[in-house]
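First the structure, in the form of structure tokens, and then the observations on it.
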Amino acid sequence: DTGVSQNPRHKITKRGQNVTFRCDPISEHNRLYWYRQTLGQGPEFLTYFQNEAQLEKSRLLSDRFSAERPKGSFSTLEIQRTEQGDSAMYLCASSLELAKETQYFGPGTRLLVL
Amino acid sequence: AQTVTQSQPEMSVQEAETVTLSCTYDTSENNYYLFWYKQPPSRQMILVIRQEAYKQQNATENRFSVNFQKAAKSFSLKISDSQLGDTAMYFCAFMGDSNYQLIWGAGTKLIIKP
């Protein structure tokens, strides 16, 4: 069994470039979540999918951010026109489609915008 | 809005000692879920223990137990017989009954000394 996987693990980009991250959830998990964690802080919720439907979006998710889960399996998070303030760890989690099931996290993608 | 507060930025204890990490939260909901997650250095977020607010009995998982005080909105984590592998950031998190996003505290850095 594999847990939640995320790729790439690290990404360095220049300001203004677009980046895309991928998350593969645990295979039987219908729910998928994205969080952002800056250094020394707890994670902040970005968005959540149930199957392919994006059901919740945080106000943190500006117009430059877009997330998709086209077939209800893996998900991608794209950041357009990156800014230095986007530098953070981007965490993905998944859970079963039962009420309030525990969220299981991947290792994260660390983004550095120069 | 719900908030989670962890007032201890860092704690340090000797191996085999018992340590208690504090967490308080604010919510107007009557039913909710509380979690402690552990994030070892450069490793992924791992669930330590969870508590449903409607359950009066405090949750326990081996050496880990919680003291859940609903009226005081307090949710502390006790680690007994601490081990070197317990060294990590510990995050307290809240999930309301009306959505699926986790609200996180800022974390407590726990160092277990040999």
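The values are calculated or read from the model by the stated rules, or taken from the named source; none is laboratory data. Since the model is a prediction, treat every value here as computed from it, not as a measurement. Neighbour counts run over all protein chains shown; Cβ positions are idealised from the backbone, glycine included.
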Checklist entry - When both residues are 6+ apart or on different chains and their Cβ atoms are under 6 Å apart, which pairs have a first residue that lies in the range A:41-65 and is at positive phi and part of a loop (DSSP other than H, G, I, E, B), and a second that is among the polar types (S, T, N, Q) and modelled with pLDDT under 95? => result A:N51/A:N30
Checklist entry - Looking at the range B:89-110, which of its residues are out of contact with any helix residue (DSSP H, G or I) (no Cβ under 9 Å at 6 or more places or on another chain) and either more than 14 Å from every other protein chain (Cβ to nearest Cβ) or on the phi > 0 side of the Ramachandran plot (or both)? => result B:G107
Checklist entry - For the range B:41-51, how many residues meet the condition of being away from chain A (no Cβ under 11 Å) and part of a loop (DSSP other than H, G, I, E, B)? => result 1
Checklist outcome for this item: In the range A:93-103, anything surrounded by 20 or more Cβ atoms within 10 Å (Cβ to Cβ) and either facing another protein chain (nearest Cβ under 10 Å) or farther than 29 Å from B:Y32 by Cα (or both) is listed as A:A93, A:S95, A:Q103
Checklist entry - Quick one: is A:S58 within 27 Å of B:G96 (Cα to Cα) and either away from every other protein chain (no Cβ under 11 Å) or surrounded by 21 or more Cβ atoms within 10 Å (Cβ to Cβ) (or both)? => result no
Checklist outcome for this item: In the set A:I79, A:I26, A:I12, the lone residue that is more than 18 Å from B:I46 (Cβ to Cβ) and crowded, with 17+ Cβ neighbours inside 10 Å is A:I79
Item to check | Looking only at the range B:68-84, and only at residues there that are without any contact (Cβ under 8 Å) to a residue 40 or more places away in the chain and surrounded by fewer than 14 Cβ atoms within 10 Å (Cβ to Cβ), the one that is farthest from B:Y33 (Cα to Cα) | outcome: B:A71
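Table: residues versus (1) touching a helix residue (DSSP H, G or I) at 6+ places or on another chain (Cβ under 8 Å); (2) more than 14 Å from chain B (Cβ to nearest Cβ); (3) at pLDDT 95 or above.
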| position | (1), (2), (3) |
| --- | --- |
| A:G16 | no, yes, yes |
| A:H29 | no, no, no |
| A:L46 | no, no, yes |
| A:D63 | no, yes, no |
Item to check | Check on A:T76, away from every other protein chain (no Cβ under 14 Å) and either assigned to a strand (DSSP E or B) or under 27 Å from B:F94 (Cβ atoms) (or both) | outcome: yes
Checklist entry - Hey, any hits in the range B:27-34 for a residue that's within 15 Å of the chain's Cα centre (by Cα), over 23 Å from A:A93 (Cα atoms), within 14 Å of chain A (Cβ to nearest Cβ) and modelled with pLDDT of 95 or more? => result no
Checklist entry - Mind checking which residues of the range A:31-40 are within 18 Å of B:G107 (Cβ to Cβ), at the interface with chain B (Cβ under 10 Å from one of its Cβ atoms) and touching a residue at least 40 places away in the same chain (Cβ under 8 Å)? => result A:Y35, A:Q37
